[in-house]
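Just so it is clear, none of the values below were taken in a lab; they were calculated from the coordinates. Because the structure is predicted, anything quoted here is derived from the model rather than measured. So basically every Cβ, Gly included, is an ideal-geometry build from the backbone, and we count neighbours across all protein chains shown.
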Amino acid sequence: MSRAQQGRVAVLTGSTNDLETVRKVRETLEDLGVDCELRVLSAHRSPELTVAYVRAAEARGIEVFVACAGMANHLAGTVAAHTRLPVIGVPLASGKLDGLDSLLSTVQMPPGVPVATVSIDGVRNAAFLAARILGIKHAAVRERVEAAARAEQEKYAAALAEAERGERRVPAADTTGAAKRPRMRQAARPPRPGHRG
Ligand code: AIR
């Protein structure tokens with residue numbers, strides 16, 4: 001862990017084929033000043049290795065897990081069954097159901113074994129949530145989360161101001177402003193039969 005980084009997150013994923021998507025969890029965590037280790041482990045294909053890794057993780061300094069997998073996703077649930085640390089589940093879009101199977105199998109955990117499930121392919125939000133959890137203990141991470149949120153708000157405000165300036169910019173020859181006026185309304189729907197209006 002570099003001296004600038006605080007906290008330690010284990011990011012697990014079910015297949016090497018997930019890595020392109022899942023690497024964004026690590027990138028975002030590193031941007032937020034959080035140390036992270038990424039492992040390919042499958043609840044179905046390498047169950048014993050997965051459990052051994054989870055059981056040993058806390059002693060090695062892991063504070064939060066992010067578990068990602070596609071299809072019938074039992075990785076996050078398996079992790080949550082073998083640790084008392086917070087577990088964030090990321091359903092991945094893959095297979096014929098495009099992530100819906102993974103979402104449902106990640107989110108529907110029995111009481112007492114929680115998995116905080118983000119959206120399908122919600123890799124960046126998984127990292128932000130892990131950083132918010134770590135921010136309770138690590139002040140430097142809390143500050144990075146705050147700075148990232150402020151930067152996001154400023155970017156949104158700037159885009160909004162730019163859009164409003166564009167709306168007000170009317171060509172000199174067009175005194176009515178009609179050329180710039182956006183078409184906001186669609187044609188009114190015909191009244192439903194029996195509707196008195
Ligand atoms: N997977 C791997 N072990 C259990 C599950 N659910 C997931 C992987 C991947 C999908 O199954 O996370 O998203 C397909 O894996 P593969 O290796 O066949 O591409």
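Give, in nm to one decimal, the length gained when the segment between V40 and K96 is fully stretched (0.36 nm per residue of separation minus the Cα-Cα distance).
Additional length available on full extension: 18.0 nm.
Suppose the chain between E167 and R60 were pulled fully straight at 0.36 nm per residue; how much longer would it get relative to their current alpha carbon spacing?
32.9 nm
Starting from the amide H of C68, placed 1.01 Å from N in the peptide plane, find each other amide H under 5 Å away whose residue is 5 or more places distant or on another chain.
L12, T13, G14, V90
Please go through region 43-149 and write out the trypsin sites (Lys or Arg not before Pro) that DSSP classes as loop and that have at most 14 other C-beta atoms within 10 Å.
Counting only loop positions with at most 14 other Cβ atoms within 10 Å, the trypsin sites (Lys or Arg not before Pro) in region 43-149 are R45, R84, K96, K137.
Which percent of Cα pairs goes in each bin when the distances of region 4-150 are cut into 10 angstrom slices starting at zero?
13, 46, 33, 8, 0
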